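These notes are about the structure you will find just below.
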Amino acid sequence: MTVVQFQGKSAAKGAVAPKGGLVAALDIGSTKIGCLIAEAVPAKHRTSESDDRHTLKVLGTGYQLSRGIRGGAIVNLDEAERAIRLTVDAAERMAQRTISEIYVNVSGGRPQSQRYIGSVPTQGGQVMQRDKNRALDAALDQVDPGRRSIMHITPLQYHLDDASGIKEPVGLFGDNLALDLSVVTVEAPHLKNLIMAVERAHLSVAGFVMAPYAAARAVLAEDEKALGVTVIDMGGSTTSFAVFHDNHLVMADVLPIGGQHITNDIARGLSTTIAHAERMKTLWGSALCSSVDEREMISVPLLGERGVDTVQQVPKSMLTAIIRPRLEETFEMLRNRLDGSGHAHFGGCRMVITGGASQLNGVQEVARQWTGRQVRLGVPAHVKGMPETAHAPAFAVCAGLLNYALKPDEHYELPRHKVKQVERAQQNYVTRVSRWIAESF
């Protein structure tokens with residue numbers, strides 16, 4: 001995401017990783033936790049002026065079965081801490097390096113996306129740098145996160161009088177300059193729980209990134225981000241998505257449904273264990289029917305049964321009949337959420353699906369049917385040193401976090417009076433809750 005520079009940004013967040021510097025990414029998911037440690041090295045050949053001045057070399061990888069996490073949120077701090085420790089330790093041992101800070105994804109916290117427009121008159125009739133700064137301040141002054149935390153602030157475009165879609169207004173003539181600002185926020189307690197779990201593993205959080213935005217960093221082509229695209233990260237318990245237009249993040253959101261719900265449906269529908277339901281989904285699962293499904297039989301061990309009746313034979317068509325409705329529900333919810341947001345048109349007619357659950361056979365066809373868009377599977381670009389097992393949609397978020405760590409976005413600070421206003425609102429909320437608890441109990 002290209003972000004023009006303004007005053008008021010946090011300068012520490014905008015620089016490219018230094019030569020020889022380590023960057024680390026931690027993908028905290030509901031089914032797996034992954035960690036990648038990479039080294040930023042100078043690029044030997046540059047094909048264009050827009051190329052990054054550094055490239056990445058993966059030194060260590062680690063991943064563990066997720067514990068203490070449900071729906072992208074921490075539900076058991078001790079188990080989550082242990083899983084994070086084991087994952088990071090495996091990556092550090094492979095890299096033979098020790099890390100102190102790490103970039104972390106956010107796949108929960110009920111994100112919200114809002115747009116604000118700051119408008120100011122130009123001084124002298126020609127746009128100067130100070131006019132850009134004043135337009136930014138006017139837009140930021142309208143941002144009111146309340147008790148939520150700001151994840152991403154993105155200047156989308158400028159408006160100069162009746163002209164819109166302006167990327168760089170300096171030097172142009174006009175009477176009124178307006179800035180269109182996109183702001184993504186999440187619940188503050190969600191981030192605090194993630195910070196606590198990471199810090200208990202003796203690490204500090206270098207930055208948070210929304211999961212679909214991180215995935216987009218790894219799987220999108222530049223033309224896709226420019227023309228408009230919707231990225232869908234299908235995880236274990238959540239399906240997060242983000243809309244991009246003109247190389248900018250327009251919105252991000254999360255649905256509380258994922259691949260684990262399909263596994264649970266199979267386990268319930270066929271009366272088998274969750275472990276075997278996951279195995280059947282991986283080996284034979286499909287959302288598409290074929291002519292031989294009625295004749296092809298699958299052995300299903302019955303849950304809790306012993307003796308000669310421990311296994312039943314079911315046609316493969318039963319598995320498809322369980323999987324497809326859940327996928328249709330997922331994409332119907334996604335379509336409704338996009339249409340209700342008012343940002344669906346920014347994504348154009350193209351979708352890119354990634355994440356572990358996106359590898360299920362027939363997902364692209366179901367998505368195409370229910371959204372009416374062109375759909376492709378997103379696989380992270382090859383990074384030197386990354387094992388082949390990590391070159392898959394399931395590791396798109398982790399690979400995107402590394403890309404973000406190499407070149408983070410500019411961060412923008414709210415005006416001081418707005419920060420104080422938000423702090424007072426949060427303190428008043430805590431006071432009211434404490435008073436209610438004291439009076440009730």
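The values are calculated or read from the model by the stated rules, or taken from the named source; none is laboratory data. What you are looking at is a predicted structure, and each value in this text was computed from that prediction instead of being measured. Cβ sites come from the backbone with ideal geometry, for glycine too, and all protein chains shown count toward neighbours. SASA here: full protein model, heavy atoms, side chains in, ligands and nucleic acids out. Shrake-Rupley method; radii C 1.70, N 1.55, O 1.52, S 1.80 Å.
Ranked highest first by the average count of other Cβ atoms within 10 Å around their residues, in what order do 89-100, 233-244 fall?
Values: 89-100: 15.5, 233-244: 27.6.
Result, highest mean first: 233-244, 89-100.
Whole number please: convex hull volume per residue of the Cα set in region 86-225, in Å³? Could you put the intermediate results ahead of the total?
Numbers: hull volume 21.4 nm³, N = 140.
Spread over its residues, the Cα hull of region 86-225 gives 153 Å³ apiece.
Hey, can you rank 352-360, 106-114, 274-282 by average C-beta count inside 10 Å, highest first?
Those peptides, ordered most packed to least, come out 352-360, 106-114, 274-282.
How big is the dipole moment of the chain about its Cα centre under a simple scheme where the beta carbon of each Lys and Arg is +1, that of each Asp and Glu is -1, and everything else is neutral? Debye, nearest 20, please.
780
Under 1.5 on a/c is rounded, so check that first for region 246-291, then, if it is not, pick prolate when a/b is larger than b/c and oblate when it is not; a ≥ b ≥ c are the square roots of the alpha carbon gyration tensor eigenvalues. Walk me through the numbers on the way to the answer.
Details: a/c = 3.44, a/b = 2.01, b/c = 1.71.
The shape class here is prolate.
Rg and Dmax of region 363-402, using alpha carbons, in Å: what are they?
So, for region 363-402, Rg and Dmax equal 13.0, 38 Å respectively.
Could you tell me which residue out of SER66, SER291, GLN369 lies farthest along the dipole of the chain toward its positive end? Charges go on the beta carbon: Lys and Arg +1, Asp and Glu -1, centred on the Cα centre.
Most positive-ward Cα: SER66.
Compute the angle between helix 274-284 and the longest alpha-carbon principal axis of the chain, please, reported from 0 to 90 degrees and rounded to the nearest 10.
Once rounded, one gets 90 degrees.
Over the chain, average the accessible area per residue using a 1.4 Å probe and give it in Å², no decimals.
On the way: 20820 Å² over 441 residues.
Counting only protein heavy atoms, the per-residue value for the chain is 47 Å².
Based on Cβ point charges of +1 for Lys and Arg and -1 for Asp and Glu, what charge dipole magnitude is obtained for region 194-237 about its Cα centre, in debye rounded to the nearest 20?
Details: 3 positive and 5 negative charges, 40 e Å.
Value, rounded to 20: 200 debye.
Determine, for each peptide in 396-405, 332-341, the mean count of other beta carbons within 10 angstrom over its residues, then list the peptides with the highest first.
Working: 396-405: 28.1, 332-341: 15.2.
Highest mean packing first, the order is 396-405, 332-341.
On C-alpha positions alone, give me the angle between the axis of helix 316-341 and the longest principal axis of the chain, in degrees, nearest 10.
Computed tilt is about 20 degrees.
With everything on Cα atoms, drop me the angle between helix 77-95 and the longest principal axis of the chain, reported from 0 to 90° to the nearest 10.
Roughly 80 degrees, rounded to the nearest 10.
Could you work out the relative contact order of region 137-227? I mean the mean sequence separation of Cα pairs under 8 Å and 6+ apart, divided by the number of residues, in percent.
Numbers: 85 pairs, mean separation 25.1, N = 91.
Taking the mean separation of contacting Cα pairs over the length of region 137-227, I get 28 percent.
Dipole of region 269-311, Cα-centred, from +1 at each Lys and Arg C-beta and -1 at each Asp and Glu C-beta, to the nearest 20 debye? Don't skip to the end; give the middle numbers.
Working: 4 positive and 6 negative charges, 26 e Å.
In debye, rounded to 20, region 269-311 gives about 120.
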